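Reading through the structure tokens given below for one structure.
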Amino acid sequence: MYKLIKTEGNARRAEFVTPHGTFQTPAFMNVATGGAIKGGVSALDLKNLKCQVQLCNTYHLHIRPGDTKVKELGGLHKFTRWDGPILTDSGGFQVFSLANLRNIKEEGVYFNSHIDGRKIFMGPEESMQIQSNLGSTIAMAFDECVKNPSPYDYTKKSVERTTRWLKRCVAEMKRLNSLDTTINKEQMLFGINQGGIYNDLRIEHMKEIAELDLDGYAIGGLAVGETTEKTYEIIENVEPYAPKDKIRYLMGVGTPVNILEAVARGVDLFDCVMPSRNARHGQLFTWEGVRNINNAKYETDNRPIDEHCDCPTCKNFSRAYIRHLLKSGEMLGMRLAVMHNLYFYNNLMEVIRNELDNGTFTQFYEKQRNILGVRI
């Protein structure tokens, strides 16, 4: 349940009540694709990194170890040892990213495993069943994510099919939540707004799915080929038609500046692999901008990654040491870098919430949007 606390312009400060605890919004979800953050970071580490929500990947966990095995082991919460809210994506984006291996039909999608090539079928019912087996807090509806730009006519047909699939997801989740064997009988369902780069399709689709009174609404199919300006334009156009009393989730976005811009446009929830992926390659986010720790100038720099950060990495280790670890291929380098970036993202969200609480978000936004994306 979404509880709106206050607004400043279009920006919203709220909390979201779930069967696995309440989290404060705006919030960032830490992406634990296969049940762990890449870079050697566990669910127990996340507690010290201000993480509120963990995101796990339906497709990857279905492939291995298998969702039925996760169910046997008590579900994702017991399996990963994360006791807060968990969101599982539907598998739709993975189907999009495996475009050369897929065949989309009305009943669902036929595709080949990227691991061993075996044939897999996933439709709305199968996606809901897998997510129910995983026992996540929030399940995402099964959708088709088209690349941008795609032809208007194809995008329109795709949106119509995504709506039909969403209605099947609603029915299947209702059935699954009524079963005695279901791990989380209060599993929540978010619908996904699609429509490519076409504002009219986006608006019409949001109007249509808003009538289904779901637990939350996501804007999907962005950051897959369109310009950043187009992403912001779509958010601005769709936002007035998203239910005011429901949480809004922008999928797979993005940089700290992207998040700041989307919060200012009314988005509550975010996820992205960027903080962990970029950290593993030495790109670190700071309050001064983006720092490439691989640069030679850090070879003898004894300062922390960010002198304004109190994450476990910055409190204990120097730029020189982390650079050395990454250059040497030491796993600890990746772990420390990932921990810093995740902390930075979660701390950024906390600061945004505090600014909204204090009525000073607009000034914060105007200042930081010109700093956070700068390459140092």
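The values are calculated or read from the model by the stated rules, or taken from the named source; none is laboratory data. Every value quoted in this text rests on a predicted model; they were computed, and no experiment measured them. Backbone-built Cβ (ideal geometry, glycine too); neighbour counts: all protein chains shown.
Points worth noting:
- Within segment 331-376, restricting attention to residues that are farther than 18 Å from residue 267 by Cβ and of a type in the set (Ser, Thr, Tyr), the residue that is surrounded by the most Cβ atoms within 10 Å (Cβ to Cβ) is 343.
- Matching residues, segment 353-376, being in a helix (DSSP H, G or I), closer than 16 Å to residue 262 by Cα and either among the basic types (Lys, Arg) or touching a strand residue (DSSP E or B) at 6+ places or on another chain (Cβ under 7 Å) (or both): 353, 356, 361, 362, 367
- Any chance residue 301 is over 17 Å from residue 375 (Cα atoms), touching a Lys or Arg at 6+ places or on another chain (Cβ under 9 Å), free of Cβ contacts under 8 Å to residues at least 24 places away in the same chain and in a loop (DSSP other than H, G, I, E, B): yes
- Of the residues making up segment 115-169, not one is part of a strand (DSSP E or B), modelled with pLDDT of 95 or more and surrounded by fewer than 21 Cβ atoms within 10 Å (Cβ to Cβ).
- Only one of 174, 207 that is in a helix (DSSP H, G or I) and farther than 17 Å from residue 243 by Cβ: 174
- Taken together, 105, 207 contain a single residue that is in contact with a Phe, Trp or Tyr (Cβ under 8 Å, 6 or more places away or on another chain) and assigned by TED's automatic domain parsing to the domain that holds residue 78, which is 207.
- When segment 18-33 is limited to residues that are of a type in the set (Gly, Ala, Ser) and out of contact with any Ser or Thr (no Cβ under 8 Å at 6 or more places or on another chain), the one that is surrounded by the most Cβ atoms within 10 Å (Cβ to Cβ) turns out to be 27.
- Within segment 226-252, the set of residues being part of a helix (DSSP H, G or I) and closer than 19 Å to residue 23 by Cα is empty.
- Residue that is surrounded by the most Cβ atoms within 10 Å (Cβ to Cβ), among those in segment 248-269 that are farther than 14 Å from residue 11 by Cβ and aliphatic (A, V, I, L, M): 251
- Among residues of segment 321-368, those that are within 22 Å of the chain's Cα centre (by Cα) and charged (D, E, K, R), counted: 3
- From the list 75, 66, 91, the lone residue that is closer than 25 Å to residue 179 by Cα, surrounded by fewer than 19 Cβ atoms within 10 Å (Cβ to Cβ) and small (Gly, Ala, Ser) is 66.
- Residues that are within 21 Å of residue 90 (Cα to Cα), touching a helix residue (DSSP H, G or I) at 6+ places or on another chain (Cβ under 8 Å) and surrounded by fewer than 22 Cβ atoms within 10 Å (Cβ to Cβ) are absent from segment 194-205 altogether.
- Test: residue in segment 62-71 that is at pLDDT 95 or above, more than 19 Å from residue 125 (Cβ to Cβ) and out of contact with any strand residue (DSSP E or B) (no Cβ under 8 Å at 6 or more places or on another chain): yes
- The condition (being in contact with a Gly (Cβ under 8 Å, 6 or more places away or on another chain), under 25 Å from residue 222 (Cβ atoms) and either at pLDDT 95 or above or not aliphatic (A, V, I, L, M) (or both)) is satisfied by just one residue among 369, 280, 353, 265: 280.
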